[in-house]
Amino acid sequence: MLSTEKNRTLTQVGAGTPMGELLRRYWQPIAAVSELEANPVKPVRIMGEDLVIYRDLSGTYGLIERHCKHRAADLAYGYVEKCGLRCHYHGWTYDEKGACIAQPFEEKFDPQERLKKRITTTAYPVQEKAGLLWAYLGPAPAPLLPDWEIFSWKNGFVQIVFVEVPCNWLQAQENSIDPVHFEWMHDNWKLRLEGNPGPYAPAHLKLGFDEFDYGFVYKRVREGAHEQDPLWTVGRVCLWPNGFFLGEHFEWRVPIDDENMLSVTWSFIRVPKEAEPYEQKRIPAWTSPIRDSSGRWITSHVVNQDIIAWVGQGAIADRTRENLGASDRGISMLRKQLFKDIDAIADGKDPKGLIRDPARNVRVALPNIGRKLYTEGMTLAQYREHPFWKNLLGDFRWHYGQPDEVRREFRRAMGLE
């Protein structure tokens, strides 16, 4: 268990808090490129800061404070110009660096532009990669935005899924290094939800946890398996500091504030060999519902099941009341590293996992039990016979509520219609 003070340290994410300063050292995914096609302006809240992201008419992205410095109008209702975002109230305009570049009425009476020159707003750098828009809210110089190997894979259908989850980010991230929950939540509980009393799924017999440059790896052996299984020899990745990598998709847990987070899933599904070469022109993004029409949590899909566990711990889990066991060794390792990184920042050092050398930031590989399959592909017939991938032909198993238009795009890409 943790003390109240230590639990507060790990869960508060506002500017100036130890964890808030740690998470601000990393690029965070906050929106999708395709979202800004229909409306080039989107309000976002990240780590307690209310901001607005926009794409101006020149194609430049900006992320600035949500309220205009004139009289606090909401810039989420502003409109983009060739350069910058213009407030709808009096026309003040801000560029991607936060400079006020236009004050239409004031400029007539202040030809020296004294007022305009002293007005700036909060602004953060934005980069586009893999269909996502990434923000960096930390001090300069910013680290490099990681170029993960999977972002360069060919012949794949990619989609991005967002969910706003009403709980603290750490509850979700601790799930990323908890292998035993797969046995009970995603296997046995799912079995019971479907009205099937059993038999239960193979039990976990052995767990292992290793550290590497970009996080931790958890390994497992279940009944009927052996230590030559890739789940033991390679394992799954708890990506540092707030991600999860399962071989063909990422999940990031981006804090909105202390009691809410944005779950971001980036999913790659290799098309069958018959559909190659395949080039995706646009990466769709959608929001997954988490409650049904009666207000109950949706239980049918993998991440939806995870969400029920996360929010069930409360808006901020009270870790003073927990009782960790042998299966929680990875969670203890994760927490120790977070405290270690907080101390590093206090000493003026970099935390774990940052990349600053461009030579190291080229298709950075992560441990991956399915790299051969994802990069070499298989036929549609092999898909239909595969114990895991066949399930994705019928449904997007991670999140509930995939829109019909995305489903149609996926089926066309896979050669299913």
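Which of PHE105, HIS90, LEU75 sits closest to the plus end of the dipole of the stretch 44-199, meaning its Cα is farthest towards the positive end, when Lys and Arg get +1 and Asp and Glu get -1 on the C-beta?
Working it through, the farthest residue towards the positive pole turns out to be PHE105.
For HIS181, what accessible surface area do you get with a 1.4 Å probe? Give it in Å², rounded to 10.
Approximately 20 Å² for this residue.
Using the Cβ atoms and a cut-off under 9 Å, what net charge is assigned to the surroundings of GLU149, where Lys and Arg are +1 and Asp and Glu are -1?
Summing Lys/Arg as +1 and Asp/Glu as -1 gives +1.
How large is ³J(HN,Hα) for each residue in the stretch 84-95, as worked out from phi by the Karplus curve 6.51 cos²θ - 1.76 cosθ + 1.60 (θ = phi - 60°), to whole Hz, x for Gly and Pro?
Karplus values, whole Hz, x for Gly and Pro: x, 10, 9, 5, 6, 7, 9, x, 4, 10, 10, 8.
When the dipole is taken about the Cα centre of the stretch 273-331, and only Lys, Arg (+1) and Asp, Glu (-1) are charged at their Cβ, what size is it in debye, to the nearest 20?
160
How much FRET efficiency would the formula 1/(1 + (r/R0)^6) give for GLU322 and GLU259, where r is the Cβ-Cβ distance and R0 is 30 Å, rounded to 0.05?
0.95
Pull the list of the chain cysteines that no other Cys approaches to under 4.7 Å, Cβ to Cβ.
So far as the 4.7 Å Cβ criterion goes, CYS83, CYS100, CYS167, CYS238 stand without a partner in the chain.
Counting only heavy atoms of the protein chains, get the accessible area per residue of the chain (1.4 Å probe) and round it to a whole Å² value.
Value returned for the chain: 45 Å² of accessible area per residue.
Positive end of the charge dipole of the stretch 312-381 (Lys, Arg +1 and Asp, Glu -1 on Cβ, about the Cα centre): tell me which of LEU366, GLY314, SER332 has its Cα farthest that way.
LEU366
By how many nm would the segment from SER3 to SER300 grow when fully extended, if each residue of separation counts as 0.36 nm and the alpha-carbon distance is taken off?
103.4 nm is the gain from fully extending SER3 to SER300.
Mind checking which lysines have their Cα closer than 23 Å to the Cα of LYS390? Skip sequence neighbours fewer than 8 apart in that chain.
Here the lysines satisfying the reach criterion relative to LYS390 are LYS154, LYS190, LYS273, LYS372.
In the stretch 211-279, which GluC sites (Glu not before Pro) fall in coil by DSSP and have 16 or fewer other Cβ atoms within 10 Å?
GLU223, GLU227, GLU259, GLU279
Share of the stretch 278-317's accessible area from carbon and sulfur, percent, 1.4 Å?
On the stretch 278-317, the fraction of accessible area on carbon and sulfur atoms equals 49 percent.
Taking the Cβ-Cβ separation of LYS117 and ASP74 as r and a Förster radius of 22 Å, what is the calculated FRET efficiency to the nearest 0.05?
Working: r = 25 Å, r/R0 = 1.12.
Result of the calculation: an efficiency of 0.35.
So how do 33-42, 151-160 stack up, highest first, on mean other-Cβ count within 10 Å? Mind showing how you got there, number by number?
Working: 33-42: 15.5, 151-160: 18.9.
The packing order, highest mean first, is 151-160, 33-42.
For the chain, what is the calculated [θ] at 222 nm in deg cm²/dmol (nearest 500), taking -39500 (n - 2.57) for each run of four or more DSSP H residues and dividing by its residue count?
Computed ellipticity for the chain at 222 nm equals -6000 deg cm²/dmol.
The values are calculated or read from the model by the stated rules, or taken from the named source; none is laboratory data. From a predicted model like this one, the values you see are computed outputs, not experimental measurements. No Cβ is skipped: glycine too gets one built from the backbone with ideal geometry, and neighbour counts run over all protein chains shown. Keep in mind that these areas ignore ligands, DNA and RNA; they rest on the heavy atoms of the full protein, side chains included. Shrake-Rupley method; radii C 1.70, N 1.55, O 1.52, S 1.80 Å.
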